[in-house]
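Before any comments, here is the structure.
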Amino acid sequence: VISNEKVGPSIASDMTREACWAVFFSLLAMALYILIRFRNIAFSVGALCAVAFTAFLVIGFYGLYGMFPFSMEIDQNFIAAILTVIGYQVNDTVVVFDRVRETRSLYPKQDPMVTFNHALNSTLARTTMTSLSTLLVLVVIFVLGGETIRSFVFAMSLGVIFGTLASLFIAAPVAYTMAARQAKKAESK
């Protein structure tokens, strides 16, 4: 026996409730931060959609309990991994959104689709290399680390992969779509 943990039902329900509150408040703080930083609700909604996509995919993989040869319990390590993944993914998304804002200020009359496309293309190499270097470290820890940290590292690895994809393919398109709708509403008034 490598390790043995027993969590009573009252502690488990407390832990679940506190984890839900932690995730809720972190998402709320993140949305508020992005709203203040970019002064446009479209960016907050795009970031929240990307975070939700990433978190739900990681949680979905943990629903495959028993399919992997290691423990995939939802415990404090898993909650820490989810919160870390949220932070990592938001950072990635903010880099893309910063480039959108920068490009928009340089070329204010440029078509928004071209602006978003330019921002995504200019951050693609940086985003990919950052994610690959992080993933390389996580894979090494997964292989060489102990059994107690394997679940955390697996969740982090999934989060890095899905978070990078969500930053590029969900956050930016959702923000662009909402910004385009806002611009159409402003023009029609």
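The values are calculated or read from the model by the stated rules, or taken from the named source; none is laboratory data. As the structure is a computational prediction, the values presented were derived from the model and not from experiment. Glycine also receives a Cβ, built like all others from the backbone with ideal geometry; neighbour counts cover every protein chain displayed. Ligands, DNA and RNA are stripped out before the accessible areas are found, and what is left, the full protein with its side chains, is counted by its heavy atoms. Shrake-Rupley method; radii C 1.70, N 1.55, O 1.52, S 1.80 Å.
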Condition first: closer than 14 Å to T84 by Cβ and open to solvent by 70 Å² or more (accessible area, probe 1.4 Å). Now tell me which residues in segment 129-148 satisfy that.
V137
Any residue that is open to solvent by 40 Å² or more (accessible area, probe 1.4 Å), touching a residue at least 12 places away in the same chain (Cβ under 8 Å) and of a type in the set (A, V, I, L, M) - is there at least one of those in segment 52-66?
yes
Checking R99 against (1) within 18 Å of A47 (Cα to Cα); (2) surrounded by 19 or more Cβ atoms within 10 Å (Cβ to Cβ); (3) within 15 Å of the chain's Cα centre (by Cα), which single condition isn't satisfied?
(3)
Among the residues of segment 102-115, which ones are closer than 23 Å to G163 by Cβ and open to solvent by 10 Å² or more (accessible area, probe 1.4 Å)?
E102
Segment 149-165 - residue that is open to solvent by less than 70 Å² (accessible area, probe 1.4 Å) and touching a Leu at 6+ places or on another chain (Cβ under 8 Å) and, of those, farthest from A180 (Cα to Cα):
V153
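Yes/no matrix, rows are residues, columns are (1) hydrophobic (A, V, I, L, M, F, W, C); (2) touching a residue at least 24 places away in the same chain (Cβ under 8 Å):
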position: V143; (1), (2): yes, no
position: F154; (1), (2): yes, yes
position: S157; (1), (2): no, no
position: I161; (1), (2): yes, yes
position: I170; (1), (2): yes, yes
position: P173; (1), (2): no, yes
position: Y176; (1), (2): no, yes
position: A180; (1), (2): yes, yes
